[in-house]
Each structure stands twice: as C-alpha cells, then as structure tokens.
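The structure appears below as structure tokens.
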Amino acid sequence: MEIPVIYNSLHTYLLIAALLFGFGIYGILKHRSLIGILISAELVLCAASVNFMAFNRFLAPDPVVGQVFALFIIGLAAAEAAIILSIIIAVYRNYKSIDPEEPAELAG
Amino acid sequence: MTPLFSVEGLAGVVFFGFILLIIGGALVATHAANLIRAVTGLAVAFIGVAGIYYFLNSPFLALMQILIYAGAICVALVFAVMLAEPMAVKKFQRRHPLAGPGAFAAAGLLAWGLAALAYKTTWPAAPTRVNAGELEEVGRAMMTTFVVSFELISLVLLVAIIGSLVLARNGRSRK
C-alpha cells in the first residue's frame, strides 16, 4: 500500500488555511445567531494563524517570528472572544434574543 | 508516494486524520442548528489545527492551541450559550431563500481564490535558518525583540477583562 506524502509542502497548508477561511466566511453569512457568528469568526482567525505558521515553517529565515505572531493571534482572539461574549450577554438582557436583527434601534 | 508502513507513511495517515478532524469539525460548527453542537464542532476543528501545528515543527503552539482555544474559549462559549440562549428557542424565521446558496457561493469563491493564489504564486526558495525555532529561542525573542508587543498584549488582555466585566454588569440593575 502506498500513500502520498503531502505534509512536507507549503501548498497543502495554504490549502487547509483557505478551506478553514471558506468555512468561516460561510458560517458568518449563514448563522442566524450572534454566538454562531462568533464561532465562525474564530475559524477565520484560526485560518490566518495556520497561514502564518506555514510561511514560518517553509519560507522564513527566522522560525521564531511566526510562532510569536501566532501566539499573539491566540491572545488577541481570547480577548476578542471575552469582549464579544459580554456584549452578547448584554444584548440578550436588553432584547431577550440573540438574533442579530433584533438590536436594530440604530438603523435608520 | 511512499509505503504505508514506514515512519513517513504512518505520519501521512495521522496528517490525513487531522485534516479530516478539521473538515468535520468545521462542517459541524457551521451547520449545526444547536449552538452547543456548533461549539463542540469548533473544539474538534481546533484540535485538528493543533495537530497541523505539530506537523509544522511547533509543539508549543499545538499545546497553546489546545489549552487556550479548545479549552478556554470553547468553555466561555458554552457558558455564553447557556446564559443567553432561551430554552424554548424560537426559530429564526426571517430567512431569505437565497441566504444559504449565496453564502456557499461567496465562501467558495473566496476559498477558491485563496487556493488558486497559493498555487499560482512562485514562492521564493527557503533561505537558510538562523536557528531551529526551539521553545527556548521563542521565549528569548519574546522577551527581547518582541517585548513591546508582549507588554501591549498583556495590556489588551487587562482592558478586555475589565471591559467585559463592565459590559456584562450593565443592565443587571435594570430588572
């Protein structure tokens, strides 16, 4: 039995990142609740970080930079998730709903 | 092509497994109507991405991915779902009939564009490495070269903690 070795080429990782990005955009457009949109946005952030790590592994002269950058992305994603979740809970208290079309008071 | 029962072949099988985890988890995260199921799919996809990081020579990042993403963020999401999702969930009705296919077309177009860009570009050859990217060098770079960004990240995290406390506290006294 034979199996192709694909984990040693840059293209594979870029393809995985593009796939994750596509899933994230699809989820953002499709989900009908604020938490679902946040879940899909996390997928997009993950795709960006996979891209950084792939370029870091195959193209960068200093393999430390990409890892530090991915760590920063993880930290920022944690902060972003905390803030968005508290906003969602505040919206839910005021509108009794997490439908993104409910809080439309500012719409003209 | 390489024989299946060698070190490279078995590593390739594990790699395919991680890719399947990512795709399956992302499918569940985007398609589940139940939000708890979507969070579970997200955690599965994150574990797959952690495996990808391991293949990219960074076990430390894989560990951080599992610890922070699959651990902390997913638990916070589950708490938010339990706090904010009404038990008798009302179905989100006002739904344009073209929303699903349109979202699929837009996302497919973007992903196809990115993949085509990755394949069309001639990437420059890999230069010689100045170090091996070990954990020790990551720590040293974080404390010397990137120390300003490191401190700024801690500031952002502090602001996020205080800000989310203030935001979630507002409106509690109203009822």
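No value in this document is a laboratory result; all are computed from the given coordinates. Computed from a prediction, not measured in an experiment: that's the story for all the values here. Virtual Cβ from ideal backbone geometry, glycine too; neighbours counted across all protein chains shown.
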### Message
With bins 10 Å wide starting at 0, give me the P(r) of the protein assembly as shown over every alpha carbon pair, in whole percents.
### Response
6, 25, 32, 23, 10, 3, 0
### Query
For chain A, with only Lys/Arg (+1) and Asp/Glu (-1) charged at the beta-carbon, what is the dipole magnitude about the Cα centre, in debye rounded to 20?
80 debye
### Message
For chain B, what does the relative contact order come out to in percent, with C-alpha contacts under 8 Å and a separation of six or more?
### Response
12 percent
### Task
Could you state the angle between the C-alpha long axis of helix B:99-120 and the longest principal axis of the C-alpha atoms of chain B, as a value from 0 to 90 degrees rounded to the nearest 10?
20 degrees
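Rg to Rh ratio, segment B:1-49, alpha-carbon atoms and Kirkwood radius? Display every interim value, and only then the final one.
On the way: Rg = 13.9 Å, Rh = 11.5 Å.
Answer for segment B:1-49: 1.21.
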### Query
Once the Cα atoms of helix A:10-30 and of chain A are each reduced to a long axis, what angle between those two axes, in degrees from 0 to 90 to the nearest 10, is obtained?
10 degrees
### Query
Once amide H atoms are built 1.01 Å from N in the peptide plane, which residues 5 or more positions from A:Ile3, or in another chain, come under 5 Å H to H?
B:Thr2, B:Leu4
### Task
Select from B:Gly100, B:Trp123, B:Ala76 the residue farthest towards the positive end of the dipole of segment B:66-168; place +1 on Cβ of Lys and Arg, -1 on Cβ of Asp and Glu, and compute about the Cα centre.
B:Gly100
### Message
I want to verify a result. In a Gaussian network model of chain B, Cα cutoff 10 Å, which of these has the top mean-square fluctuation: B:Tyr69, B:Tyr54, B:Tyr119?
### Response
B:Tyr119
#### Entry: With Cα atoms, 0 to 90° folded angle of helix B:74-84 axis to chain B main axis
10 degrees
### Summary
The ³J(HN,Hα) series, computed from each phi in segment A:63-80 with the Karplus coefficients 6.51, -1.76 and 1.60 at θ = phi - 60°, rounded to the nearest Hz and given as x for glycine or proline, is x, 7, 4, x, 5, 4, 5, 5, 4, 5, 4, 4, x, 5, 5, 5, 4, 5
### Message
Over segment B:2-115, what portion of Cα pair distances is larger than 24 Å, expressed as a whole percent?
### Response
44 percent
### Task
Report the trypsin sites (Lys or Arg not before Pro) located in segment A:11-107 that are in a DSSP loop and have at most 16 other Cβ atoms inside 10 Å of their Cβ, or state none.
A:Lys96
## Note on the structure
Rounded to the nearest Å, the spacing of the alpha-carbon centers of segment B:1-34 and segment B:35-52 is 13 Å
### Query
Where does the Debye-calculated log10 I(q)/I(0) of segment A:10-102 sit at q = 0.11, 0.22 Å⁻¹, using only Cα point scatterers of equal weight, no solvent?
-0.40, -1.04
